[in-house]
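Following: one structure in structure tokens, then a few remarks.
The values are calculated or read from the model by the stated rules, or taken from the named source; none is laboratory data. This structure is a prediction, so every number in the text was calculated from the model and none was measured. Reconstructed Cβ throughout: ideal geometry from the backbone, glycine too, with neighbour counts over all protein chains shown. To get the accessible areas, we keep the full protein, side chains included, count just its heavy atoms, and leave off ligands, DNA and RNA. Shrake-Rupley method; radii C 1.70, N 1.55, O 1.52, S 1.80 Å.
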Amino acid sequence: MNVTIDKNSGYCFGVEFAIQMAEDELAHEETLYCLGDIVHNRMEVERLYQQGLRIIDREQLAELHDCKVLIRAHGEPPETYALALRNNLELIDASCPVVLKLQNRVKHAYDASKRQNGQIVIYGQPGHAEVTGLTGQTGNRALIVMTEADLDQIDFARPVTLFSQTTKSTAGFYRMKQLIEERIALAGGELDSFDANDSICRQVSNREPALAKFALQHDVVVFVSGRKSSNGKALFSVVNKTNSRSYFVENEQDLDDEWFHGVESVGICGATSTPMWLMQRVADRIEQVAVGV
């Protein structure tokens, strides 16, 4: 059996940067707090916990004073920075540059929309850390949409500016754009008042065609990702659509030996939040199965 790890899978530069910053701090700090999971991958969170990284929520953040807190790649809303000033917290800011640029665009668009009685709409997952940071740029007035039913929130007679969470599906974004255009036409509105911004990270979107090609090259595909990863869910749907013998696992313990009986080629790939060391562990376990067979 030939087992191949997709060389294009693994951390995007934003996640890699955040983890490197955490490791650099932990090299000379016993404890470093992180607001939310540093990455949506349980195995990596556990690895960094052993080094002293402690995950906290927003309520716990409010109780901290005079210490260091890591801001992960997803970014944060303005109120987090205001709280840090009040509580004398030193922020180790690992916000992804792509996310920071998008936050700035959303803020400028929101300021402009107020003059036009417009609405900011974000195609993203409600409650996701990045979406929380984006809506924070609008004083939490942005409308969040994931499904066609969510579009009922929008007043299509007023101007609409659409953005996307950086890790969402490109196809999903353009489908949402089309649905909004149809709703505007039905409401008798003007398409000129609709501004759609494809703000999906190209390091993420470019993986979709590459993963589809990779999935076709193997009899069985094992996709490794944290179950909470929005990007993982989106990328696995691409793989599974291309190769029906695709399986989603969090780690090597989720593997089923029967998946590999009579199989000549196995491909292993993952999300932008999946560490390469974890994909290697999955590969090692599959190779053990091959020896047993």
Within the set of pairs 6 or more residues apart or between chains, which connect a residue that is within 14 Å of ALA212 (Cα to Cα) inside segment 2-13 to a residue that is crowded, with 21+ Cβ neighbours inside 10 Å and at pLDDT below 90 with Cβ atoms less than 7 Å apart?
ASN8/ARG207
Only one of GLY232, GLY226 is touching a helix residue (DSSP H, G or I) at 6+ places or on another chain (Cβ under 6 Å) and either surrounded by 18 or more Cβ atoms within 10 Å (Cβ to Cβ) or in contact (Cβ under 8 Å) with a residue 24 or more places away in the chain (or both), namely GLY226
Could you name every one of the strands (runs of 3 or more DSSP E) located completely within segment 57-153 that has at least 1 residues being surrounded by 20 or more Cβ atoms within 10 Å (Cβ to Cβ)?
68-71, 119-123, 143-145
Of the conditions (1) under 15 Å from the mean Cα position of the chain (by Cα); (2) open to solvent by 10 Å² or more (accessible area, probe 1.4 Å); (3) of a type in the set (Phe, Trp, Tyr), the single one that PHE173 does not satisfy is (2)
State all residues of segment 14-46 that are free of Cβ contacts under 8 Å to residues at least 12 places away in the same chain and surrounded by 15 or more Cβ atoms within 10 Å (Cβ to Cβ); if no residue qualifies, say none.
GLU16, VAL45
Residue hits (segment 204-223; surrounded by 19 or more Cβ atoms within 10 Å (Cβ to Cβ) and either among the hydrophobic types (A, V, I, L, M, F, W, C) or touching a strand residue (DSSP E or B) at 6+ places or on another chain (Cβ under 8 Å) (or both)) are VAL204, LEU211, PHE214, ALA215, HIS218, VAL220, VAL221, VAL222, PHE223
Residues satisfying the stated conditions in segment 148-170, i.e. under 17 Å from SER205 (Cα atoms) and either among the hydroxyl-bearing types (Ser, Thr, Tyr) or free of Cβ contacts under 8 Å to residues at least 12 places away in the same chain (or both)
SER164, THR166, THR167, SER169, THR170
Given (1) part of a helix (DSSP H, G or I); (2) basic (Lys, Arg); (3) more than 28 Å from GLN203 (Cα to Cα), ARG47 misses just (3)
